[in-house]
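All of the numbers you see were taken from the coordinates with simple rules; none came from a lab. This structure is a prediction, so every number in the text was calculated from the model and none was measured. Note that each Cβ is placed from the backbone with ideal geometry, even for glycine, and that neighbours are counted across all protein chains shown.
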Amino acid sequence: MSRALELAERAVRAVEGDEADVSVHVESSGFARYAASAVHQPTLIRDETVTLRVVRDGRVGCATTNRTDDDGLAAAAGHAAEAADSSPVDPSFAGLQEPAPVPEVGGYDKATAALTPEDQAEAAAEAIAGAPDFGLYGYYTSGVTEVAVASTAGLAVSQAMTDVSVLALAASDNASGYAEATSWRASDLDPAAVAREAAEKAARTKSAGQIEPQTFRAVLEPYAISELLFYFAFTSLNALALLEGRSYLSGRLGEKLFDERFTLRDDGLDAETYPKAFDLEGVPKQPVLIVEDGVARDVVWDRRTAKQAGDGHVSTGHALAPPAQAFGPIPFNLAMSGGTASSVDELAELVDDGIYVTRLHYLGVVDPREGIITGMTRDGTFRVEGGKVTTPVVNLRFTTSFPALVAGLLGLTEETTLVNRSDFYDERYPFGTLVPAVATDSFTVVGTGSGPGL
Amino acid sequence: MQDLAGHAIDAAVAAGAGYADSRVVQRRAQLVATKNGEVDSVSDSETEGIGVRVLVDGAWGFAGDPRLTEEGARDAALRAVAFARASASRAHTRVELAPVPPASGDYSSPMERDPVEVPLEEKIALCLRAEEGMRRAEVKITEATVRAMGEQRVFRSSEGASVTQRFVECGGGIDALAVSGDGRVQNRSYPSAHGGSSAQAGWEFVESLGLDREAPRVGEEAAALLTAPACPSGITTIVVDAEQMVLQVHESVGHPTELDRVYGTEAAYAGTSFLKAGDLGSLRYGSEHMNITADPTTALGLGTFGWDDEGSPARRQPVVEGGVLTGYLASRETSALIGRDLGGSMRADNWSRMPLVRMTNLHLEPGAGSLDDLLADVDDGLYLSTNKSWSIDDKRLNFQFGTQVAWEIKKGKLGKMLRDPTYMGVTPKFWGRLDAVAGPQEWTMFGLTNCGKGQPGQHAHVSHGTSPARFRDVQVGVRS
């Protein structure tokens, strides 16, 4: 039995005489963060987090603790029971998940789990050595995360996940380039190659020029489209947002909203993403076809929103742990179908005259209902002229409609890339988006910023 | 806890650390959230553990362990040393720390009523009452939240520092989301967006917010925004309310003056800064009306403490005086790099994270006069209120911010309400267009709990005090 499941079952036993479910995160991770080509903030974390949800006569209370001895679990059970006793009946509570078989998934690699701090420091050194002409900034991190959910209804599921990411910003005062890679298998990653990609990009960004703001035709690398997609997903592909009318898809399901080459699914069983067997209330993951050939089909659901909809919807296995469920269900395994382009150069040919975007920075959702997102480009923005990627340009302020961007697709690469989307706040929970590079006729730039570099 | 912290220091030094510090943290937090008249969540969370930071041959190492036992403390120390040693063998520079006298003493947040001990029933009732006041036909979603936190933090270092601090925080906020028949959405919040406002204080702070008192206005304004005209595009004068000025100060002054960003250690994630170390004392950041102070001694501030997380004492330090950059937010390491004693801003969000240079309480000092005085000198402009969206570039230069609402200003008076306002600018040019800050009677402090930085990510709790401020010739109404 995994440590996480053992903790979950002990926590369930600590809740006497009530309905309850428990979700557990067990993390062991190392983070070799580097700056100016030296490891600067190396961080090792071990933690165990137990979240109990106690139900008393329809009233619900939650408590979280990392004190995992018997006294700590009993105290947390007491806090959750007190919270339930203090609350009125929660009519939106959908009850506990019944035991159900969960699918077998990948996502755990013994060799990755066995990486030591010395291995992590060595991998960081390999990355640094891959960019000798620039300062290298970023990190190499790997970790093991066990999650488990158990309940008084007899639910008992667990999964162990590994993840590893390398991030490389190669930079000098007037040049910067970016690359990253992620997987649940360390052997998939070559830190030096990632750093070389960043350095080669950086070398092309010197002497960046100005450009007049306008709506451009654009090539977006996977790093860029991944971030836009996830911001859109967080606010629009979430059943709670749909039901509350905040989602771009509210009232628009079934309509052809996007280019027919835009197909998007969330599939926790896809081994090319970070596979997940169940969500954080123990519901088995269901593949969800979100957009099919440009037609909006569905969003992701948890038990609470399925009950709220009241129209036969069921959870698709996308719940967060309580109390974070207030955000609604989240698609952690988004996969956007690829197209037919063999390379980003072919996408540039489709754009003909426009811009090329490597990476984005500090996105903000200006209008979630319309899918309008603002942010900056950085670390590799170029002109596209005559179908070729040509000269570097300064960082660009964009305020653009994501729906318009994917309605105006000009092409997609056949190859798709998993891009890490975790910033590693709070408990580690690996997730990312699987995306191609894209070309679009609609990427709206509203201003210009500073040049590349530090 | 002091003994455990000391045990970790002893183990780290015995294993070869040239410097070591340790933090033992025990935290309990509560969150109550209601939505549409029902309880959305009631949660109580505890976390505890020890974090050990070491220097071995001039290279950092850090490890956190949740076990508050001698074994946990020793394991954290040894793992931190091992990681530092693995890094040191490949380092080309040695970290040096500016000297600081070993800290000793206790600090406790002042409070009248412990917010964690306030009955949950009372917290739920306050939220439901506030929500009730926001209800209108057009308002489809009402939300209210209150939070409370108590924390003990023990710090020791191999230089002899020994500090115990007890922090208490609480806060709350309300939000109304109005949806029109044709699917348009608008929202209003109080006292600020993104979770309300918090303070280092007892429950009396939450009571002072008057959530239920303000609720009817919040609901009315959310509904009214549905039929308000859109903010026009153009160049105009803006008067920014104190709540939005908090974000303006945070993003365009706070982050760029973090000295670790200036030296590049945040380059890959949060970004760097348009400022250089040599700009200190000479760079014109804004107009003569711009005075910014970092003050971890401010009463009620979320960034208030006795000592920071590397034992530097709390002290008030100017950052911008008369529009000229005169200070940075710094650590002992970055103070040594710049050759000035600027330390006191190192903070970690928990036992499991390494301290980083963070904002404490960063204030825009008040000017003179009232909000009405600021408005009176505007022939044609906009009054912007309450943050809605934000984005700023990696050097903290080019920004675009949106607010929940604007009112036009015509001949010195507020006019009609406008929806979807945005404005953009370039940091020093924008602050250069500051021509008035309202006086102390308009100065308000807000506490934020969502400032993100670092890899792995950390949330900082920071406060900003500001008065409404007026800027000339600003681009507004940016849309896709």
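For the reader, a short list of remarks on this structure follows.
- Using θ = phi - 60° in the Karplus curve 6.51 cos²θ - 1.76 cosθ + 1.60, the 3J(HN,Hα) couplings for segment B:181-192 round to x, 9, x, 6, 10, 9, 9, 9, 9, 8, x, 8 Hz; x is entered for Gly and Pro.
- Set of segment A:23-57 residues, backbone N closer than 19 Å to the point 7 Å along the Cα-Cβ line of A:E200: none
- Segment B:384-480: C-alpha gyration tensor shape, a/c 1.5 cut-off, then a/b vs b/c: prolate
- One quarter of the surface of the convex hull around the alpha-carbon atoms of chain A equals 20.9 nm², the direction-averaged projected area.
- Going from the fewest other Cβ atoms within 10 Å to the most, the residues A:Y223, B:Y107, A:Y137 appear in the order B:Y107, A:Y223, A:Y137.
- Karplus-derived HN-Hα couplings along segment B:277-282 (A = 6.51, B = -1.76, C = 1.60, θ = phi - 60°), whole Hz, x at Gly and Pro: 4, x, 6, 4, x, 10
- When only the Cβ of Lys, Arg, Asp and Glu is charged (+1, +1, -1, -1), the dipole of the protein assembly as shown relative to its Cα centre reaches about 1700 debye.
- Cα lying deepest toward the dipole's positive end in the protein assembly as shown, options A:T64, B:S335, A:N420, charges on Cβ: B:S335
- By definition, a body whose alpha carbon gyration tensor gives a ≥ b ≥ c is oblate when a/c is 1.5 or more and a/b is not larger than b/c, and segment A:141-241 fits this oblate description.
- Charged-residue dipole, Cβ positions (Lys, Arg, Asp, Glu), segment B:29-180 about Cα centre, Debye nearest 20: 660 debye
- Computed about its Cα centre, the charge dipole of segment A:380-432 is approximately 260 debye, with only Lys, Arg, Asp and Glu carrying charge at their Cβ.
- Fewest-first ranking of B:E132, B:E143, B:E243, using other Cβ atoms within 10 Å as the exposure measure: B:E132, B:E143, B:E243
- Residue (of B:V52, B:V32, B:A15) at the positive-pole extreme of segment B:7-96, dipole from beta-carbon charges: B:A15
- Kyte-Doolittle at least -1.0, axis length at least 24 Å by Cα - qualifying DSSP helices, chain B: B:70-88
- Convex hull per residue volume in Å³, alpha carbons only, for segment B:105-196: 122 Å³
- Shape of the protein assembly as shown, Cα gyration tensor, a/c cut at 1.5: rounded
- When the pairs A:K285/B:K35; B:K395/B:K429; A:K256/A:K285; B:K123/B:K388; A:K206/B:K276; B:K35/B:K140 are compared against a 18 Å limit on Cα-Cα distance, A:K285/B:K35; A:K256/A:K285; B:K123/B:K388; A:K206/B:K276 fall above it.
- Annotation: the residues B:L55, B:L68, sorted from fewest to most other C-beta atoms within 10 Å of their own C-beta, follow the order B:L68, B:L55.
- Mean Cα-pair separation over length for chain B, i.e. relative contact order, pairs under 8 Å, 6 or more apart, %: 15 percent
- Distance from the Cα centroid of segment A:323-349 to that of segment B:1-60 is 36 Å (rounded to whole angstrom).
- Normalised contact order of chain A, rounded percent, pairs of Cα under 8 Å and 6 or more residues apart: 16 percent
- Which of B:Y263, A:L280, B:G311, positive extreme of dipole for the protein assembly as shown (C-beta unit charges): B:Y263
- Within segment A:8-64, the proportion of C-alpha pairs whose separation exceeds 14 Å stands at 64%.
- The simple spin-label model puts a point 7 Å past each Cα toward its Cβ; for A:E255 and A:R297 those points are separated by 2.0 nm.
- Derived scalar couplings ³J(HN,Hα) [segment B:304-321; Karplus, 6.51 cos²θ - 1.76 cosθ + 1.60; whole Hz; x for Gly, Pro]: 8, 7, x, 9, 7, 7, 10, x, 7, x, 5, 7, 7, 9, x, 10, 10, 10
- Other-chain or far-sequence residues with amide H under 5 Å of A:T215's (modelled H): A:V445
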